[in-house]
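First comes the structure, then the notes that go with it.
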Ligand code: ATP
Ligand code: MG
């Protein structure tokens, strides 16, 4: 029979890779909790209307990329393509705004988009994201950027740069939109078909088209930065000043846009020079109109999302996978020895060691081979003789040095053992 394979655009994350994921999660958790972000977990599927309103019907995500289906109760359901809409829905529905003040939230989980799979682009992928709700202060924009930067730096990533822009407020954008359409209309026939279509629906998105000719045309387009009103200008100047104060360098990129009305002011991306075409590891910005758009009060907000797959590719280029080898490998043979070994394994685990118990019951020689292959620091051996004598044979696998120890003594020497295990791991 044919075997069933994973769907295109999905991947198994096997044990040898999981260590990288755990490292990213623990660094993010540590950095974000020090800045007093709280984790939030929202459902993986939501009503389709949430994303239509929360991301916008004119976007690629909603227009072409959503996994939408009708459930058995005839509801239109969508697997979340991103995290912000669900978090904002929860914020409104669970009245997190009632507490007043600023809410700092973070999330981690799988997202789903029907895209063409390639390196760094999948149909099921993972994001870590933050949302800061309740402040329109430029310090909030800078705080979230600083948190992303710190996570990426702590992971040891290099060759990253920050692209920064302001998309102003809806009023600025109406003016800019008109200037852009006036500029682009004469080139209408030279634009790629998607961009031509956007000219009426969402012209700002034309600026981040990947088409060569469209990009050339966009090169000389008017800049949004020349269309900011006084308030937007002041906000953006302050963001830049504060970034500089924190020592975070950036490049202005007026083509970095979020073309929807509820995105406002700051937009940014963190991009790696060490990835191919899919080089953006973090994208974010301010969205002062979204909470209201989704039926809540007027609450300003800013956030970002980091794509984990791209981060893991970078980490794999930089670091060996974390060592998953056991510290002790227990070899035993004979009825009494096997039960003693099981007890000893539990005791060592209780004392904090990583312990593998050989379950094969095969000849000692075979078990020793497996002990070697396991990469363990030491092997503990119990045969009938040891079981009778109440001892265990401790063998350090790198040096071959061995000694018989009373089983009852082993646990009295935990500190000693820990020191020896660490020494064997890092020669
Ligand atoms: P792109 O331009 O690469 O499609 P995007 O603007 O659609 O990105 P966002 O919605 O801002 O991406 O998501 C933030 C981050 O999530 C991206 O910078 C990227 O690292 C990651 N990401 C987005 N889509 C995918 C995907 N299909 N597969 C893997 N990672 C993704
Ligand atoms: Mg995309």
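Quick note: the coordinates plus some simple rules give every number you see, no bench work behind them. None of the values given here were measured: they were computed from a predicted structure. A quick note on method: Cβ atoms are made from the backbone with ideal geometry, for glycine too, and the neighbour counts reach across all protein chains shown.
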Which residue fluctuates most in the GNM of the chain (Cα springs below 10 Å): 177, 75, 41? 75
Return the ratio Rg/(2.2 N^0.38 Å) for segment 328-425, where Rg is computed over Cα atoms only. 0.96
For 265, 126, what's the fewest-to-most ordering of other Cβ within 10 Å of each Cβ? 126, 265
For the residue 343, residue 366 Cβ pair and Förster radius 25 Å, calculated FRET efficiency rounded to 0.05 is 0.65
With n ≥ 4 as the cut-off for DSSP H runs, can you work out [θ] at 222 nm for the chain, using -39500 (n - 2.57) per run divided by the number of residues, rounded to the nearest 500? -12000 deg cm²/dmol
Just to be sure I understand: with springs between alpha-carbon atoms less than 10 Å apart, which residue in 277, 415, 376 has the highest mean-square fluctuation in the Gaussian network model of the chain? 415
With a ≥ b ≥ c from the Cα gyration tensor eigenvalues, square-rooted, and the rule rounded for a/c under 1.5, otherwise prolate when a/b > b/c and oblate otherwise, segment 1-139 is oblate
May I ask for the distance between the Cα centers of segment 1-77 and segment 207-283, given as a whole number of Å? 25 Å
Would you work out the relative contact order for segment 243-296, in percent, from Cα pairs under 8 angstrom that are 6 or more residues apart? 32 percent
Distribution output for the chain: share of Cα-Cα pairs per 10 Å bin in percent, first bin at 0, values 4, 18, 23, 19, 13, 11, 8, 3, 1, 0
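Express as a percent, rounded to the nearest 5, the fraction of DSSP beta bridges in the chain (both residues included) that run antiparallel.
Percent antiparallel among DSSP bridges in the chain is about 80.
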Label points 7 Å out from Cα along the Cβ direction at residue 2 and residue 277: separation in nm? 2.8 nm
Rank 72, 123, 205 by mean-square fluctuation in a GNM of the chain with C-alpha springs under 10 angstrom and give only the top-ranked residue. 72
Inter-probe distance in nm under a simple model that places probes 7 Å from Cα toward Cβ, at residue 68 and residue 183: 3.3 nm
Please compute the contact order of segment 1-130 in relative form: average sequence separation of alpha-carbon pairs under 8 Å and at least six residues apart, divided by the residue count, as a percent. 28 percent
Hey, what did the chain get for relative contact order, percent, Cα under 8 Å, at least 6 apart? 14 percent
Just grab the label-to-label distance for residue 231 and residue 415, each label 7 Å out from Cα along the Cβ direction, in nm (one decimal). 6.4 nm
Assuming a ≥ b ≥ c are the square roots of the Cα gyration tensor eigenvalues, decide whether segment 163-317 counts as rounded (a/c under 1.5), prolate (otherwise, with a/b larger than b/c) or oblate. oblate
Cα gyration tensor of segment 291-342, axes a ≥ b ≥ c as square roots of the eigenvalues: rounded (a/c below 1.5), prolate (a/b > b/c) or oblate? oblate
